[in-house]
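Worksheet: the structure to be examined is printed underneath.
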Amino acid sequence: MNTTPAGSNDAPTALSWGFAEDHAPLPDAVREARDESIVAGVAPVSPGVAATLRVLAATTQARAVVEIGTDLGASALSFLSGMARDGILTSIDPEPQNQNAARRLITQAGYPSSRFRLIAGNALEVLPKLRDGAYDIVFVNGNELEYVEYVAGSLRLLRHGGLLVVHDVLWHNEVADAGVESDEAIIIREALEAVTESESYTQTLLPVGNGLLVAVKE
């Protein structure tokens, strides 16, 4: 029989949340990419998100992943560390400087060029050129103001049973507060609603990092 300790609160405290975020050890390469991102002023995925991406890739034995938003490669390295040994990661980012750093870090981690391809460009222009039903995971981590379009384009790319993973969906506690009407909060709410209204997904929203939506294509 489960009992609740006296004075406890069902919601995790900041201490518990931080404990959960840092619980899973990260590969050295992911930690280095996160450190370089912070120094460069580019917000990396949190340790908890990085660990979750690795688990999702390992669980699906992903062989084809596409991510929108390379940054300096922390998420890419998280996926690669969990993917099948012959898996290929495709990463899209409009900033060549970010991708140059990511390429260096991924190569330094021991992954050959055959395991990844970095595409410098606008995701809304690149996504339509990718193959239908060819991907095990699509990770959305680009321009928040384009999330609705990213979500719409992801459905075509995913195989049945593939995962749509959307980052930053709680957006600094703004999305859950209906009184906040920042552009980011409004667009993210619309993207979440699109997934909810779709008959193509089974979903969950994880309070990890800045919020992570995971949806399985049926």
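Where a number appears in this text, it was derived from the coordinates with a stated rule and is not lab data. None of these values were measured; they are calculated from a predicted model. A quick note on method: Cβ atoms are made from the backbone with ideal geometry, for glycine too, and the neighbour counts reach across all protein chains shown.
Using R₀ = 25 Å, calculate the FRET efficiency as 1/(1 + (r/R₀)^6) where r is the Cβ-Cβ separation of A58 and H23; round to 0.05.
0.95
I need to check one value: relative contact order of the chain, counting alpha carbon pairs closer than 8 Å and at least 6 residues apart, in percent.
Computed value for the chain: 17 percent relative contact order.
How far, in nm, would the chain grow between V216 and E95 when pulled straight, counting 0.36 nm per residue and subtracting the alpha carbon separation? Display every interim value, and only then the final one.
On the way: separation 121, 0.36 × 121 = 43.56 nm, distance 2.95 nm.
Net length gain for the segment: 40.6 nm.
What list of ³J(HN,Hα) values in whole Hz, one per residue of the stretch 24-39 in order, does the Karplus curve 6.51 cos²θ - 1.76 cosθ + 1.60 (θ = phi - 60°) give from phi, with Gly and Pro shown as x?
So the J values, rounded to whole Hz, are 8, x, 9, x, 3, 5, 5, 4, 5, 5, 5, 4, 5, 4, 4, 4.
Using the Karplus curve 6.51 cos²θ - 1.76 cosθ + 1.60 with θ = phi - 60°, work out ³J(HN,Hα) for each residue of the stretch 42-48 in order, rounded to whole Hz, and write x for Gly and Pro.
After applying 6.51 cos²θ - 1.76 cosθ + 1.60, I find 10, 6, x, 4, 6, x, x Hz.
Give the relative contact order (percent, whole number) for the stretch 72-153; include only Cα pairs under 8 Å separated by 6+ residues. Show your work: numbers first, answer last.
Details: 69 pairs, mean separation 25.0, N = 82.
31 percent.
Round to the nearest 0.05 the FRET efficiency obtained for N173 and A40 when R0 = 25 Å and r is the Cβ-Cβ distance.
0.50
Would you calculate, for the chain, the mean residue ellipticity at 222 nm contributed by helices, counting each DSSP H stretch of 4 or more residues as -39,500 (n - 2.57) and dividing by all residues, to the nearest 500?
That calculation yields -12000 deg cm²/dmol at 222 nm.
Let me check the size of the stretch 32-123 from its C-alpha atoms; what are the radius of gyration and Dmax in Å?
Considering the stretch 32-123 through its Cα atoms, Rg and Dmax are 11.9, 33 Å.
In the chain, once you exclude exposed trypsin sites (Lys or Arg not before Pro) (DSSP loop, at most 14 other Cβ within 10 angstrom), what's the longest stretch remaining?
Within the chain, the longest run free of exposed trypsin sites (Lys or Arg not before Pro) spans 132-218.
How many percent of the alpha carbon pairs in the chain exceed a separation of 26 Å?
For the chain, the share of Cα pairs beyond 26 Å comes to 34 percent.
Could you tell me the distance between the Cα centroids of the stretch 128-175 and the stretch 17-43, to the nearest Å?
If we compute the Cα centre of each part, the gap is 22 Å.
Give me a comma-separated list of calculated 3J(HN,Hα) values for the stretch 128-138, in order, Karplus coefficients 6.51, -1.76, 1.60 applied at θ = phi - 60°, integers in Hz, x for any Gly or Pro.
x, 8, 7, 6, 5, x, 9, 10, 7, 9, 10
Please compute the Cα-Cα pair-distance distribution of the stretch 52-175 with 5 Å bins starting at 0, giving whole percents from short to long.
Per 5 Å bin, starting at 0, the Cα pair percentages come out as 2, 12, 23, 25, 22, 12, 4, 1, 0.
Given labels modelled 7 Å from the Cα in the Cβ direction, how far is it in nm from A11 to T107?
Placing both labels 7 Å beyond Cα along the Cβ direction yields 4.8 nm.
Which whole-number percentage describes the relative contact order of the stretch 14-57, with Cα contacts under 8 Å and a sequence gap of 6 or more?
48
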